1. Six or more apart or on different chains, Cβ atoms under 6 Å: show the pairs whose first residue is in the range 14-33 and more than 13 Å from residue 2 (Cβ to Cβ) and whose second is loosely packed, with under 12 Cβ neighbours inside 10 Å and among the small types (Gly, Ala, Ser).
2. Conditions: (1) open to solvent by less than 40 Å² (accessible area, probe 1.4 Å); (2) under 8 Å from the mean Cα position of the chain (by Cα). Residue 5 meets all but one. Number of the miss?
3. Does the range 32-41 include one or more residues that are at pLDDT below 80, open to solvent by less than 100 Å² (accessible area, probe 1.4 Å) and outside any strand (DSSP E or B)?
4. The conditions are (1) modelled with pLDDT of 85 or more; (2) open to solvent by less than 90 Å² (accessible area, probe 1.4 Å), and residue 50 fails exactly one of them. Which is it?
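The values are calculated or read from the model by the stated rules, or taken from the named source; none is laboratory data. Note that the coordinates shown come from a computational prediction; the quantities given were computed from them, not determined experimentally. We place every Cβ from the backbone using ideal geometry, glycine too, and count neighbours over all the protein chains shown. When the accessible area is computed, the model is the full protein with side chains, heavy atoms only, and any ligands, DNA or RNA have been set aside. Shrake-Rupley method; radii C 1.70, N 1.55, O 1.52, S 1.80 Å.
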Amino acid sequence: MDLVLEVQDTLCPWNAGRHHPHADGESVTCERTRARPGPAADLHRPGCGTPLAAGGGW
């Protein structure tokens, strides 16, 4: 499965943008991308931790 997430985060704006998570065996990455995102969902999580682009919040 190929997935692109478009994130809008007003609490932690550095998370905003399009992200492409990828799992390969035991390795997981989440890189920024310009690819078109898939279906949209409005999710809210109070607070913020590690930036999404750094692999946090999963």
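1. Hits for this filter: zero, empty list.
2. Exception for residue 5: condition (1).
3. Narrowing the range 32-41 to residues at pLDDT below 80: 39-41.
Adding the requirement that they be open to solvent by less than 100 Å² (accessible area, probe 1.4 Å) leaves 41.
Those left that are additionally outside any strand (DSSP E or B): 41.
The answer is yes, given that some residue of the range 32-41 is at pLDDT below 80, open to solvent by less than 100 Å² (accessible area, probe 1.4 Å) and outside any strand (DSSP E or B).
4. With respect to (1) modelled with pLDDT of 85 or more; (2) open to solvent by less than 90 Å² (accessible area, probe 1.4 Å), residue 50 is out only on (1).
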